[in-house]
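These notes are about the structure you will find just below.
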Amino acid sequence: MTLSESGAAPAGEVVLEAVGLTKHFPVRGRLRDLFSRTPAVVHAVDDVSFALRRGRVTALVGESGSGKSTVARLLAQLHPRTAGDIRLHGTSTRVRGGRRFRSYVRRVQLILQDPFASLNPVHTVRYHLTRPLRIHGTAGRGAEELERALADLLTRVSLTPPERYLDAFPHELSGGQRQRVAIARALGADPEVLLADEPVSMLDVSIRLGVLNLLQDLKDRLDLAILYITHDIASARYFADETIVMYAGRMVEGGDSETVTQNPAHPYTRLLTDSAPDPERITGALSGADAARADRGGGEPPSLISPPAGCRFHPRCPHAMRRCVADAPPRLTVGDRPGHWTACWLYDPATVAADPPGSAAPDADPTVPPPPAFAGRADTGPREEAR
């Protein structure tokens with residue numbers, strides 16, 4: 001029986017929390033770094049804070065290389081963190097192995113992107129599901145209870161009849177079936193948190209919705225807290241209760257999913273929403289201000305070995321101001337919906353009045369209007385996006 005089924009934990013309770021989470025990877029193979037006082041590092045994740053709540057889905061959205069998967073591996077305690085804190089039920093946790101790690105992963109399970117790579121090809125589904133049941137003490141007593149537990153796991157992920165799949169090898173299953181087995185393996189520990197690292201990106205478009213619906217059903221029935229990592233902001237709107245947008249290792253916007261996807265505040269979030277296929281762009285039918293708006297945000301993400309000062313998006317932002325080059329923006333309340341925030345100086349009225357948008361972007365097209373500058377305030381609380 002899970003905590004939610006026994007009524008021991010209230011819905012909406014904060015289960016897992018990241019506070020100022022930071023991860024820097026050392027850069028290897030450069031001789032000059034041996035004589036440097038500050039060796040080069042990759043700034044994979046910097047100052048990431050959010051909370052995962054029971055019975056809710058939080059989406060982490062961004063392009064490849066933005067640090068999303070690193071955040072998931074930090075929360076799974078697979079990478080040691082450089083700075084910041086991870087709190088499980090309000091208690092700071094740092095585990096490296098042994099019994100403490102086993103106790104932690106029983107509560108926090110990671111679902112990887114590629115189901116074929118995450119399953120051992122020489123073992124059957126029975127083997128993959130039996131191991132977590134025995135390791136975490138949920139296999140019951142005797143062979144009969146183990147068989148019931150295995151059948152229950154496969155039934156939970158809609159692989160029925162269970163006996164059809166128990167003795168199958170991974171290569172005998174479709175991509176969607178393999179991912180369902182991976183989800184069942186995670187459920188074998190009876191976790192409270194699922195960290196889903198792009199769980200549908202390797203699947204055919206026709207079966208992605210089925211897997212998302214499965215996760216939604218498991219979240220509702222088992223009262224799980226789910227972190228959903230994706231580069232597809234449209235699926236975040238469909239699946240997640242709240243959405244956080246990351247760019248170059250930093251969080252740039254957060255709030256409820258409907259607001260973030262339909263009324264994006266940060267220029268990068270607008271770029272993500274505009275990146276959806278548009279037949280008019282393909283045929284070249286856009287012109288004037290529409291064409292300029294479609295072309296905004298061009299260029300490449302910055303190097304994370306030497307990231308730009310200030311806002312990391314400012315080299316690509318058509319509304320960049322001089323302050324964007326010098327100072328990293330804090331979280332500012334957008335003001336259109338409760339809990340909607342963005343890390344953008346456009347929402348600081350004092351900055352906009354003294355430093356008009358576009359002053360640090362000489363090549364920006366003046367026909368592209370900046371987002372409205374709502375009255376904002378700095379917000380340093382780690383749980384603002386979860387309210």
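Quick note: the coordinates plus some simple rules give every number you see, no bench work behind them. Fair warning: this is a prediction, and the values are worked out from it, not measured in the lab. Cβ sites come from the backbone with ideal geometry, for glycine too, and all protein chains shown count toward neighbours.
From least to most packed, judged by other beta carbons within 10 angstrom and beginning with the fewest, 53, 100 follow the order 100, 53.
Extension gain for the segment residue 131 to residue 354, taken as residue separation times 0.36 nm less the Cα-Cα distance, is 74.1 nm to one decimal.
Calculation over all alpha carbon pairs of region 208-251 in 10 angstrom steps from 0 returns a P(r) of 24, 53, 20, 3 percent. Residue order for 337, 96, 331, fewest other beta carbons within 10 angstrom first, comes to 96, 337, 331.
Computed on region 81-142, the Cα convex hull volume stands at 137 Å³ per residue.
Where the alpha-carbon atoms of region 106-235 are placed on the principal axes, they occupy 46, 31, 22 Å, in descending order. I'd like the distance separating the alpha-carbon centroids of region 53-120 and region 301-334, in whole Å. Taking the Cα centre of region 301-334 as reference, the centre of region 53-120 is 27 Å away. Extending 7 Å from the Cα toward the beta-carbon at both residue 25 and residue 47 defines two label points whose distance is 2.3 nm. Sorting 127, 165 by the number of Cβ atoms found within 10 Å of their own Cβ, with the fewest placed first, yields 127, 165. Under the combined filter of DSSP loop state and at most 13 neighbouring Cβ atoms within 10 Å, region 112-217 retains these trypsin sites (Lys or Arg not before Pro): 141. Volume per residue for region 146-210 equals 95 cubic angstrom (convex hull of Cα atoms).
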